[in-house]
1. Mind giving me the FRET efficiency for residue 230 and residue 23? R0 is 22 Å, r the Cβ-Cβ distance, nearest 0.05 is fine.
2. Arrange the residues 198, 41 by how much accessible surface each exposes, largest first, with a 1.4 angstrom probe.
3. Could you sort 115, 269 by accessible area so the largest value comes first, with the probe set to 1.4 Å?
4. Working out 0.36 nm times the residue gap between residue 178 and residue 137, then minus their Cα-Cα distance, what length gain in nm do you get to one decimal?
5. So between residue 85 and residue 111, what do we pick up on full extension, going 0.36 nm a residue minus the alpha carbon distance?
6. Tell me which chymotrypsin sites (Phe, Trp or Tyr not before Pro) from segment 50-110 have a DSSP coil assignment and no more than 16 other beta carbons within 10 Å of their own.
7. Can you list the residues, at least 5 places off or on another chain, whose amide H is less than 5 Å from the amide H of residue 71, using H built in the peptide plane?
8. Anything over 18 Å Cα to Cα? Flag those among 148/247; 148/245; 80/141; 22/198; 198/245; 75/198, in the order listed.
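The values are calculated or read from the model by the stated rules, or taken from the named source; none is laboratory data. Owing to the predicted nature of the structure, the values given are computational and were not obtained by experimental measurement. So basically every Cβ, Gly included, is an ideal-geometry build from the backbone, and we count neighbours across all protein chains shown. Side chains included, ligands, DNA and RNA excluded: accessible areas come from the protein's heavy atoms. Shrake-Rupley method; radii C 1.70, N 1.55, O 1.52, S 1.80 Å.
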Amino acid sequence: MPDSDIDEVADAMKYSVYAGGKRIRAYICLAFCRLFGGDVKAALPFAAAIEMIHTFSLIHDDLPCMDDDDLRRGKPTNHKVYGEATALLAGDALALKAFGVVAENPYVSPDIALRAVRALSFASAERGMVGGQIMDMQGEKTALPIEKLKKLQSLKTGALIEVSARLGAMAAGVSDDDRRMLNALEYAKGIGLAFQIKDDILDVTGDEALLGKPIGSDAENSKSTFLRFMSIEEAEKYAKELTEKAKESISGYEGRENLLALADFLLERNS
């Protein structure tokens, strides 16, 4: 129901949610539901909630107290349009709204909805994405060893990609100890790390017009990246190995073609 008193924060929420992007996490959620024989409409609320969480993280990541970025997806960042306070609240509202959307999913049982809320909460909070962000900030003050860097990225980037696969499988009725769930998580873990390595490469070699954000920002902010430990060629080889291993984890399933194509697309992308 429209409410003019909250138009400002509602508009700020929509501005970032509808700003574009690849929708990778939502796609993974829907694809695993489909792969395991589920009805995709059962995964749609989960996919929407994951996008809300991801968008909240981008709004906050761009704030002056974090990365202080002016562009996101080729458009001015949320705080540049609406101001820092409204951007902060828009991110907060998206994060909180996401859990209501998951809990109220009418196409799954209450038990599955509860499991999904728990999984998304864990992946988003201090043991997941938020924990990765604090490690990322700490990595600006001191060079992280590569094992810490892998942990950082498994939390900051990987956790939300993994929970996307998990919630998609849940929507298809797959239990946590089912082999299908383990295969889905193995795929997500592999492409998640490869995704971040590719991001590190593009921050050095990418085209700012294609990326929709400044290049070289990692070096400017003294961030720990995989290119501190390997050359671009070595990083590309490592990302390819991770991608091939991820693809192998779902090689036994009919209907896997779209997920295989996604893994290749993420490896070969230029934005």
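1. The formula returns an efficiency of 0.15 here.
2. 41, 198
3. If we order 115, 269 from most to least accessible, we get 115, 269.
4. Contour length minus the Cα-Cα distance gives 11.1 nm.
5. Values: separation 26, 0.36 × 26 = 9.36 nm, distance 3.67 nm.
The span from residue 85 to residue 111 would gain 5.7 nm if fully extended.
6. Loop-located and lightly packed - 107.
7. Amide H to amide H, under 5 Å and 5 or more residues apart or across chains, residue 71 pairs with 77.
8. Among 148/247; 148/245; 80/141; 22/198; 198/245; 75/198, the Cα-Cα distance tops 18 Å for 148/247; 148/245; 80/141; 75/198.
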